[in-house]
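Here the structure is laid out as structure tokens; the discussion comes afterwards.
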Amino acid sequence: MGTKLGKRTKKFTKKHLDGELRRRKVAKVKRNRALGDARKRRARGDDDDSQDSGAEDEDEEVSGDDVEADGKKRLEDMSIDEFLNQSDYDDEDDEEEEGDGEDEDDASEEEGGSDSDEEDEEEPESESDEEDASESDEDVIKMNKETAGLKKAASSHKAELEKLKETDPEFYEFLKEEDEELLDFDDDDEEDDDLSDDEDGEDDDDDARKKKKKKKTRTITSEIVQKLCDNAEGGQSLGGAKALLQAYRAACHYGDDENDGDETSVRLASSSAFHELVQYTLSNGDDILRGLLGVDAETENQDATRGFKPHANARWKKVEPLAKSFIGNTLHLLGNLTDAEMTGMVLRRLNVSTPFMATFERLTKRVTRVALHCFGSGEPSVRVQSILLLRAMAVTLPPPALERIAKGVYRTFASNAKFVNADSVEHIAFMSTCVVEIFGLDHAQSYPLAFTYIRQLASLLRGALTAKSKEAFRNVYCWQYVNCLECWERVLSAHAKEESSALRPLVYPLAQVALGAARLLPSARYAPLRLRLVTLLNRLGASTGRFIPIAPLLMELLTFSELTKPPLSVKSHPPDFTLVLRLAKQDLRIPGVQDVIVESTMEALAEHLHQNAYSPAFPELAHIPTRELKKFTKTITVTRFRKAARAVIEAAERTSDWVIRKRDAVDFAPKDLAKVENFLREEKAENKAPISRLTKTLHEKAAQRVAAQQATEVTMTRNKKGSTGASDSEDDENVDDDDDDDDDDAVRPSRRRDNNPTLARASSSFAPPMTCASTPIAIAITHQSNHTPRTP
């Protein structure tokens, strides 16, 4: 069967084909002449011309620099939102505008054709003209063959409708009364006139039929819906499937202002008829389409669905308009829904129908945008279904679907990671897990995107180091920046473990960015942020096996003078370090705050030493931290702090002696890398080093501290706004900041805490390194499904 032509193609062939071919021929001749002139000028090679062109190039470069300097921000001056909004969707917006402009081609072709006629008279004949004419003749012959195939398909469909009169006379009478146009099928009619959402008019000979049709309004009752469903069951009848999808389109667009007075509008007799029609079509639409293609839907599992390519089926040309109608109308219905349960069901059905989107590029972009909107702002169940749909599209659809979805998911995460409070912690953690899953689908395609986003974080840090302004510091010391760093740490921890991974080269730049951000403002008030970044670096080093020097960050934290000042006798509880990035001055004098800083520092240092305890270089690595801790024990006056530091010193010294004894007994040199990697491998699996046992004890104490803090803390609801990272006990109007604390935030967080075991796990940000599961999406789905909103 020949390829069927669309409605626009038929109209274009009839009215504008000759003019379009002439216009393209003239444009090609002009282009060839311009190229020939350029080659002649280059062949002459005049010195004066080259000098003049060089001067012009310099002027153009200067002007280009000015335009970039005046009209476009530098990368280090852009915030994360500005960078993502500029880089991610500019190309897609341009493509969408071009796609929207295609609807106006019919109106502009006549002018283009008349102009080309005049130009054609002025152009002399040439060899390129003859070649273009022959190509045009071939196009016309091919189009005529396709038209003949279209007529043959129309005749076949007409025969099916005649056969329906004998097999189901009752349904045939219904069609005769309600949709006479379907039975009065002419060979010149197009199958998908009523299914296309972007109709642009009929010919003059159809005006009378349209006016006649506008006078009658079709009514769909529950009985008619049942007949439509029975005739379309299993995709056995093309006419039955088309009638069902026509009614489904009317239901999805029911109530739209643009459909008032439309000839394809229908009136649903009751809400039950609407519900039955929509429910059945959503539940069985995919099975009907597969039945029309001759595919058994019952045998389709997830792996088979992933490899299912409907456009490769011989019957696809008949089913293509029906598939486009089903997906487009379902998407229109999804945009008008407000109920979370119904929205989740529609997203599930779109997930099943993902293979049918492969040939509809613009429709795929629309589905992606709607799914991303649900992913960022929907209920927990809606977010789960939306990310499952996005993942299925990224796996099933051809490029650039994965790249577009990865950009959108990260952009949505970044826009939702600006504020952190007790309620948003779970949401941000779930979205971060989804980013890890999407970027792990194809490492080769994910690398350039990850490189670009990590580079943008580095540019913001460089801008803060050079500008040293309040705004530049705020671009780095904010929740959005920290959450993005943690997100990329999780991505690399999950997918850059192997040396052969394409994401492996990004470990070093991410570690450098985190180290630089931790050192940006050396102040005790930013202890929560520094401890958070140190924990990030510990997890990155543990998962990738790379040494990251975090000991200097922790030693510097112990030297701040605020820890040596006597604490104030106050009864207030210390702020939750997982919900703030900066402490108030008066909070530094609270005994609980000093305890958390010192204990968390010792825990992070012990974890760092534990990761390298089975290396031959451990004695040299632990020497400087041990020396600094000894100085700390001599200067600190608090007994419990001195005791914690001595415990770490003891464990480090005992581990050093143990490694030295083991190292002296080996018979290989440091250049034997294979043997060095196997050094103390069995002991490492059993955690025999003394520092490893101490690290485990400190992790258990940290978990107990978090549990005790939540058990004694009182719920506070005076401010429900998200945290920007500052402690809410600070009052900028009454406290004068130092030079290194000039980036105060006007917004204060709410320290709203509940006795929630899930939040207790999230609050332990200084716990042992997190291990990424093989299926993070499954964990996130379980986590979100069990989530229930809390009341103040």
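Things to note:
- Criterion: surrounded by 18 or more Cβ atoms within 10 Å (Cβ to Cβ), of a type outside the set (F, W, Y), farther than 23 Å from A708 by Cα and touching a residue at least 40 places away in the same chain (Cβ under 8 Å) - qualifying residue of L579, L609: L609
- Checking R8, R33, R24, R44 one by one, the residue that is modelled with pLDDT of 65 or more, exposed (fewer than 10 other Cβ atoms within 10 Å of the Cβ) and at negative phi is R44 and no other.
- As a summary of the residue check, H275 satisfies the conditions (1) open to solvent by less than 70 Å² (accessible area, probe 1.4 Å); (2) at pLDDT 90 or above; (3) not charged (D, E, K, R) except for the one numbered (1).
- Checking P400 against (1) touching a residue at least 24 places away in the same chain (Cβ under 8 Å); (2) of a type outside the set (G, A, S); (3) open to solvent by 10 Å² or more (accessible area, probe 1.4 Å), the condition it does not meet: (1)
- Residue check for K324: at pLDDT below 90, basic (K, R) and surrounded by fewer than 21 Cβ atoms within 10 Å (Cβ to Cβ): no
- All conditions in (1) touching a residue at least 24 places away in the same chain (Cβ under 8 Å); (2) in contact with a Ser or Thr (Cβ under 9 Å, 6 or more places away or on another chain); (3) not charged (D, E, K, R) hold for I649, with the sole exception of (1).
- Looking only at the stretch 585-606, and only at residues there that are of a type in the set (D, E) and crowded, with 22+ Cβ neighbours inside 10 Å, the one that is nearest to V676 (Cα to Cα): E603
- Taking the criterion of being open to solvent by 80 Å² or more (accessible area, probe 1.4 Å), more than 20 Å from F419 (Cα to Cα) and assigned to a helix (DSSP H, G or I), the residues of the stretch 447-480 that qualify are F451, R455, R462, L465, T466.
- Exactly one residue out of L563, L588, L568, L605 is modelled with pLDDT of 90 or more and either closer than 22 Å to Y508 by Cβ or not basic (K, R) (or both), and it is L605.
- Test: residue in the stretch 527-545 that is open to solvent by 10 Å² or more (accessible area, probe 1.4 Å) and either more than 31 Å from the chain's Cα centre (by Cα) or of a type in the set (F, W, Y) (or both): no
- Given (1) touching a helix residue (DSSP H, G or I) at 6+ places or on another chain (Cβ under 7 Å); (2) of a type outside the set (V, I, T); (3) assigned to a helix (DSSP H, G or I); (4) free of Cβ contacts under 8 Å to residues at least 40 places away in the same chain, number of the condition R369 does not satisfy: (1)
- Check on A494, surrounded by fewer than 23 Cβ atoms within 10 Å (Cβ to Cβ), touching a Phe, Trp or Tyr at 6+ places or on another chain (Cβ under 6 Å) and under 28 Å from A444 (Cβ atoms): no
The values are calculated or read from the model by the stated rules, or taken from the named source; none is laboratory data. These numbers were taken from a predicted model, which means no experiment stands behind them. Neighbour counts run over all protein chains shown; Cβ positions are idealised from the backbone, glycine included. Surface areas here come from the heavy atoms of the whole protein model, side chains and all, with no ligands, DNA or RNA. Shrake-Rupley method; radii C 1.70, N 1.55, O 1.52, S 1.80 Å.
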